[in-house]
1. Which of the residues that make up region 33-44 are closer than 13 Å to ILE18 by Cβ and either surrounded by 10 or more Cβ atoms within 10 Å (Cβ to Cβ) or of a type in the set (Phe, Trp, Tyr) (or both)?
2. What are the pairs with Cβ atoms under 6 angstrom where one residue, in region 41-53, is closer than 17 Å to LYS27 by Cβ and the other, located anywhere, is surrounded by 10 or more Cβ atoms within 10 Å (Cβ to Cβ)? Sequence gap at least six, or different chains.
3. Output the number of residues of region 1-32 satisfying the condition of being among the aromatic types (Phe, Trp, Tyr) and surrounded by 10 or more Cβ atoms within 10 Å (Cβ to Cβ).
4. One residue is enough: does region 6-13 have a residue meeting the conditions of a type in the set (A, V, I, L, M, F, W, C) and either modelled with pLDDT of 90 or more or touching a Lys or Arg at 6+ places or on another chain (Cβ under 6 Å) (or both)?
Amino acid sequence: MSVKFVLGRGGSGKSTYILDEIKNRVKDNEITPVILLVPEQYTFEMEKRMSKLFLGEEKDKF
């Protein structure tokens, strides 16, 4: 298991990069767990973005 830190300024695409990585792992049927840590005040926003990530055909697969 490895740890990957994604660092950068606000608006540089960190969240988009992370969500794309998670989506790719799900598509590839990756079984290793993914732990996404966000500050408590951003939990609801990240949950909304994660739910939007798997709309349409992909949502029906899981």
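1. Here is the first cut: in region 33-44, the residues closer than 13 Å to ILE18 by Cβ are 34-38, 42.
Scanning region 33-44 gives VAL34, LEU36, VAL38, TYR42.
2. Within 6 Å, the pairs are LEU53/LEU19; LEU53/LYS23.
3. To start, the set of residues in region 1-32 that are among the aromatic types (Phe, Trp, Tyr) comprises 5, 17.
Narrowing the set further to residues that are surrounded by 10 or more Cβ atoms within 10 Å (Cβ to Cβ) leaves 17.
Summing the residues that are among the aromatic types (Phe, Trp, Tyr) and surrounded by 10 or more Cβ atoms within 10 Å (Cβ to Cβ) in region 1-32 gives 1.
4. Keep residues of region 6-13 that are of a type in the set (A, V, I, L, M, F, W, C), which gives 6-7.
Of the ones still in play, those that are also either modelled with pLDDT of 90 or more or touching a Lys or Arg at 6+ places or on another chain (Cβ under 6 Å) (or both) are 6-7.
Scanning region 6-13, I find at least one residue that is of a type in the set (A, V, I, L, M, F, W, C) and either modelled with pLDDT of 90 or more or touching a Lys or Arg at 6+ places or on another chain (Cβ under 6 Å) (or both), so the answer is yes.
The values are calculated or read from the model by the stated rules, or taken from the named source; none is laboratory data. Everything quoted here is computed from the prediction, not taken from an experiment. Here Cβ is always computed from backbone atoms with ideal geometry, including for glycine, and neighbour counts include all displayed protein chains.
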